[in-house]
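Here, each number is a calculation from the coordinates, and none is a lab measurement. Everything numeric in this text was worked out from a predicted model, so none of it was measured. Cβ sites come from the backbone with ideal geometry, for glycine too, and all protein chains shown count toward neighbours.
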Amino acid sequence: MKSIWENYKTDVAYDELMFSEYQSRPVSHQLCRYLDTLKKEDIDKRKAAAELAIMEMGISFTVYSDEGNIDRAWPFDIIPRIIAAKEWRIIEKGLKQRLTALNCFISDVYGEQAFIKAGKMPGEIVNSSKNFRKECVGMKPKHNVWANICGTDLVRDKDGIMYVLEDNLRVPSGVSYMLENRVITKRVFPELFQDIDIQPIDDYPTRLHEMLTSIAPHQNGQVTCAVLTPGIYNSAYFEHAYLAQQMGAQLVEGGDLVVKDDDCVYMKTIQGLEKVDVIYRRIDDDFLDPEVFRKDSTLGVKGLMRAWKAGNVALANAPGAGVADDKVVYAYVPEMIRYFLNEEPILPNVPTYLCSNPDDLEYVLDHLAELVVKPANESGGYGMLVGPHATEKEVASFRDIIKKDPRNYIAQPTLSISTAPTLCKSKLEPRHIDLRPFILQGQDTFVTAGGLTRVALKKGSLVVNSSQGGGSKDTWIINMGDK
Amino acid sequence: MLSRSAERIYWLARYIERTENIARLVNVHMNLLMDLPKDVEMGWKQLILINSSDQIFYEKYNVANEKNITRFLLADDTYAGSLFSSLTAARENIRTSRDLLPDEAWEQVNEMYLFAKKNLDTVSNRRHRVIFLNEILKGCQRFTGLLSGYMSHNHPYAFIRLGRNMERADMTSRILDLASLLLSESRSDEVRQYETILWMNVLKALNALLMYRQQKHSHVNGDDVLDFLLKNTNLPRSVMCCLSEISECIIKLPNNGDLPAKVVELQTYVQAIKTEDTTQAQLRGILDDLQNKIGGLHNEITQNWFLIVSED
């Protein structure tokens, strides 16, 4: 009988689990030994069991283009991605360092702007950012933390080094899938959890709740937390409901909240109005408060900014935090770490060309076919160009788009992002993956053990975004006797 | 508890109860028709008369035969009163209330929905329909049992019981309506001899036949069945029993205003209904009145808890 590993190619990129078709990396020895004991039919059965579990658990991610189908099941690959605890400890440290510096930067942007005054970054970048909110100038959120929840995307290049691809500081999603993936893997491969020392991840909702409580305006008595969702048609609604349920918090929509004359936020309950202290908002700044931002927003709450500025309610993430979630600002994060923390960055950035910079722009336009070009402010993999995979026509039309609005584009070399074995039709094949760990910062800082591994299920594809048909894997941080 | 959540949970319970009731009704009616002689003018049409959906039905279908009516009542997703529409609405409501209920509750409803969706086309075939309806009935029972075993007796639970019993009371009155329709057609012709079978099926539609026998020790007859289904205080699906559950829930909930008094009023009304020697016309009058009063109570519940208007 043929092996599921037959013709497994490890020359495409760095493979997370395998040296070659025949040789596993130390982190995956135990997993591979176990997989070898299974027959092909067994593996198909486990895959079917996972799919059934996903259907029944109703794990869903809306893909807008799937018309009329608002809960497409989330594609899940049963083969886990594994990282050694020894390596993870360094990454964890690097992530904490990075978010700490980013929060110093945001505080500085809305405060003295010392970073800019010291000539570390052109002020123009902040002024022209559509995520810079002048309404937030002078605000001091608790613990000086603006971005309380951050999802940082990491990729490993051919050289085996983990690079930071971007920091998601607005409303990063995906953590519920990280948690559910573990639940499914435990159901599908319970045997593996007996022999392998896998770090648990299910404390995330507790940590999130602790963090939210730590930023409450008043520390006396019980803190009422709510998760503010744009509602059922939002692509991440499942996650909003899931987190609220896991934290025992209220899941609210804009219409459930009201800001009264005392500048406090209340929710409409069967007992009348009840005060809310902390809001984990999953709505973009633009839609948060029609009184201040977009007037046509029906998702937000009139007066919410007033209440926040009066210090009567905490918002996580704070309005305006998105100013640091900008691919141009990203290029300056290593400098922020040096400037604010007086440390060297632990995790490197991907080299980045800023199209706003004339020299960089020229280089980018000349080398479009080799580069990845991204808009500065979009998320979800929309509106980007992957040079090596694009047609000449696409490259040409992108050239015009960039020239029209250089500030809004950055370019990076096309990384050969790492692969991991993924089950494709009863056979394992390498597929490109990334990793999104989640970092919480309030009074303390916490990093998830691992994160959400997203996988580009289409052969050769580098786009892992769930909104563009990517899937995900369980991520294991394993102790290998080197604690 | 948020007003919006309360409303969704209340409707969740109503829709699950409705799903179960439609399943049982179709099941029982199918059994009834198997027992009656083929030449008796008694068919599937009655099922669309009891919730006055005959007009909607004829907009979509030409013939009121078994195939069309069961498709309409069970599988038609464009008819809001169908089993599948109710189940879909229940799923939408629980999907948006997951923060308040045990995980298994969502999984149970979702599983049932996926099952129904996959098997919608099988309902026109009698044998498959029986299997389909049994699965649905079991699923609804599992859901109810699961909540009673897993949920604290908190406010959300009170809204679930409230919704379930409002729907039950309404459904019981509608099933009695069906009886009155059947009787009117039976009085003059030979179906008269099947009257007992009709009343037995009415009891079965409410899972009440065994309880009736234990309680009444009598031959199944119209007056007694009517009395039993309206006024018995122990039978879960009797109107009186539903009202006393409704009353318990309302008393448990905060800010209940004059709702407790309203329920007492309704209980007094049901208690006073005369069930002996009623003519078909009288019975219809009583049941219409009762349904209006239950509808009125529903409106009051909505006004009282779900529509918090803030003065801004």
Quick check on the range A:402-482: take the gyration tensor over C-alpha atoms, sort the square-rooted eigenvalues as a ≥ b ≥ c, and tell me if it's rounded (a/c under 1.5), prolate or oblate. oblate
For B:96-109, mean number of other protein chain Cβ atoms within 10 Å: 4
What are the residues whose amide H is under 5 Å from the amide H of residue A:431, where those residues sit 5 or more places off or on another chain and H is modelled from the backbone? A:420, A:422
Charge dipole magnitude, Cβ of K and R +1, D and E -1 - the range A:138-272, Cα centre, debye nearest 20: 200
Most packed first (mean Cβ within 10 Å per residue), the peptides B:168-175, B:48-55, A:306-313 order as B:168-175, A:306-313, B:48-55
What is the distance in Å between the Cα centroid of the range A:426-460 and that of the range A:234-263? 26
Residue A:120 versus residue B:62, label points 7 Å from Cα toward the beta carbon: distance in nm? 8.0
Is there a quick way to get the dipole size of the protein assembly as shown? I mean about its Cα centre, with the Cβ of Lys and Arg at +1 and of Asp and Glu at -1; what is the value in debye to the nearest 20? 940
With the cut-off at 1.5 for a/c, could you classify chain B from its C-alpha gyration tensor as rounded, prolate or oblate? oblate
Net dipole in debye of the range B:1-151 [+1 Lys, Arg Cβ; -1 Asp, Glu Cβ; about Cα centre; nearest 20]: 140
Chain A shape via C-alpha gyration tensor axes, a/c threshold 1.5: oblate
Peptides A:218-228, B:95-105: what's the order by average Cβ count within 10 Å, highest mean first? B:95-105, A:218-228
Residues with amide H under 5 Å of residue A:284's amide H, sequence separation 5 or more or different chain, H placed in the peptide plane at 1.01 Å from N; which? none
With unit charges on the beta carbon (Lys/Arg positive, Asp/Glu negative), name the residue among B:286, B:80, B:239 whose Cα is farthest towards the positive pole of the charge dipole of chain B. B:80
So how do A:320-328, A:176-184 stack up, highest first, on mean other-Cβ count within 10 Å? A:320-328, A:176-184
Per residue of B:2-9, what is the mean number of Cβ atoms on other protein chains within 10 angstrom of that residue's Cβ? 5
Shielding by partners - mean other protein chain Cβ count within 10 Å, residues of A:250-259: 4
Beyond 26 Å (Cα-Cα) in this structure, taken from A:186/B:138; A:45/A:459; A:130/A:458; A:9/A:374; A:40/A:473; A:186/B:117, we find A:186/B:138; A:130/A:458; A:9/A:374; A:186/B:117
Roughly what % of DSSP beta bridges within the protein assembly as shown run antiparallel, to the nearest 5? 70
Rank B:261, B:222, B:193 by how far each Cα sits towards the positive end of the charge dipole of the range B:154-306 (+1 on Lys, Arg Cβ; -1 on Asp, Glu Cβ) and give me just the farthest. B:261
Using only the alpha-carbon atoms, how far is helix A:85-109 inclined from the longest principal axis of chain A? Give it as 0 to 90 degrees, nearest 10. 20
Quickly work out the residue B:153-to-residue A:135 label distance, labels modelled 7 Å from Cα along the C-beta direction, and quote it in nm with one decimal. 4.7
Find which of A:164, A:90, A:315 sits farthest along the positive direction of the dipole of chain A, computed with +1 on the beta-carbon of Lys and Arg, -1 on that of Asp and Glu, about the Cα centre. A:90
Going by alpha carbons, how many degrees (0 to 90, nearest 10) lie between the helix axis of A:40-57 and the longest principal axis of chain A? 20
Any chance you could give the angle, 0 to 90 degrees and rounded to 10, that helix A:175-188 forms with the longest Cα principal axis of chain A? 30
Under-5 Å amide H pairs with residue A:416, H placed in peptide plane, nonlocal only: A:158
